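Okay, structure first, notes after.
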Amino acid sequence: MERTFVMVKPDGVQRNLVGEVIRRFESKGFTLVGLKLMSVSRELAEQHYDVHRERPFFAGLVEFITSSPVVATVWEGEGVVASARKIIGATNPLTAELGTIRGDYGVSIGRNLIHGSDAIETAQREISLWFKDEELVSWKPSLTSWLYE
Ligand code: DAT
Ligand code: MG
């Protein structure tokens with residue numbers, strides 16, 4: 001079953017939106033298989049955002065993500081990678097559609113509340129970067145037959 005990595009960034013944690021984020025993914029029908037509140041080391045932040053290393057916002061991004069705790073999660077379900085990106089919304093919260101997390105709760109690109117993996121391969125990379133195998137729990141919710149044919 002497909003999995004994706006979703007992180008509530010420091011602004012989302014500080015603004016008490018952890019519950020709201022989890023609620024949206026749970027209500028959609030995805031299964032939580034990993035969850036932890038953590039401080040992010042500079043090394044992890046730089047690895048996570050390695051693809052943006054040459055961008056002008058990289059230093060600020062690493063500074064931001066290491067400034068205060070984040071909540072790291074892994075979600076499972078059919079098509080969860082692309083669906084999570086839709087639930088999260090466009091990168092800039094100001095132009096993100098209403099009804100998305102960023103569109104409903106954010107106003108600036110450098111404080112866009114939440115991260116979600118952008119592709120299946122990225123998700124695999126990010127899950128193994130943020131979680132040890134033993135921190136992920138495989139389980140079958142009893143609701144499954146009411147979510148999938
Ligand atoms: P996303 O998080 O939607 O996948 P991304 O991978 O292009 O977006 O960028 C990673 C993060 O970097 C993004 O969530 C916020 C920050 N960022 C991106 N573009 C930015 C910009 N032009 N100015 C400031 N921060 C930016
Ligand atoms: Mg990205």
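The values are calculated or read from the model by the stated rules, or taken from the named source; none is laboratory data. Since we're looking at a predicted model, the values are computed, not measured. Note: ideal-geometry Cβ built from the backbone for every residue, glycine included; neighbour counts use all protein chains shown. When the accessible area is computed, the model is the full protein with side chains, heavy atoms only, and any ligands, DNA or RNA have been set aside. Shrake-Rupley method; radii C 1.70, N 1.55, O 1.52, S 1.80 Å.
Could you please put Asp50, Asp11 in sequence from largest to smallest accessible area, using a 1.4 Å probe?
Correct descending sequence by accessible area is Asp50, Asp11.
Given only helices, namely DSSP H runs of n ≥ 4 each adding -39500 (n - 2.57), what is the per-residue ellipticity at 222 nm of the chain, to the nearest 500 deg cm²/dmol?
-10500 deg cm²/dmol
Could you tell me the extents of the chain's C-alpha atoms along the three principal axes, largest first, rounded to whole Å?
Sorted largest first, the three principal extents are 47, 35, 26 Å.
Picking from Tyr105, Leu129, Val6, whose Cα lies most toward the positive end of the charge dipole for the chain (charges on Cβ: Lys, Arg +1; Asp, Glu -1)?
Tyr105
Return the aspartates and glutamates within reach of Lys86: Cα separation strictly under 18 angstrom, same-chain partners fewer than 8 residues apart disregarded; answer none if there are no such residues.
Glu2, Glu20, Glu26, Glu76, Glu78, Glu97, Asp104, Asp118, Glu121
Give me the extension gain from Glu43 to Lys86: residue separation times 0.36 nm, minus the current Cα-Cα distance, reported in nm with one decimal.
Between Glu43 and Lys86, full extension yields 12.6 nm more.
What lysines does Lys36 reach when the alpha-carbon gap must be under 21 Å and sequence neighbours fewer than 8 apart in one chain are set aside?
Partners found: Lys9, Lys28, Lys132, Lys140.
Excluding ligands and nucleic acids, what accessible area in Å² is computed for Ile65 using a 1.4 Å probe, to the nearest 10?
Counting only protein heavy atoms, Ile65 exposes about 0 Å² to solvent.
Would you mind telling me the share, in percent, of accessible area of region 54-112 contributed by carbon and sulfur at probe 1.4 angstrom?
It is 57 percent, rounded to a whole number.
Find, among the trypsin sites (Lys or Arg not before Pro) in region 61-133, those assigned to loop by DSSP (not H, G, I, E, B) with at most 12 other beta-carbon atoms within 10 angstrom.
Within region 61-133, the qualifying trypsin sites (Lys or Arg not before Pro) (loop, at most 12 other Cβ atoms within 10 Å) are Lys132.
Using the Cα centre as the reference, give the magnitude of the dipole from point charges on the C-beta atoms of the chain (Lys, Arg: +1; Asp, Glu: -1; all else neutral), rounded to the nearest 20 debye.
Result for the chain is approximately 360 debye, rounded to the nearest 20.
Could you order Asp133, Asp118 by accessible surface area, starting with the largest, using a probe radius of 1.4 Å?
Asp133, Asp118
Enumerate by residue number the chymotrypsin sites (Phe, Trp or Tyr not before Pro) in region 66-145 meeting two conditions: DSSP loop (anything except H, G, I, E, B), and at most 11 other Cβ atoms within 10 Å of the site's Cβ.
Answer by residue number: Trp139.
Leaving ligands, DNA and RNA out of it, rank Ile120, Ile87 by accessible area with a 1.4 Å probe, largest first.
Solvent-accessible surface, decreasing: Ile120, Ile87.
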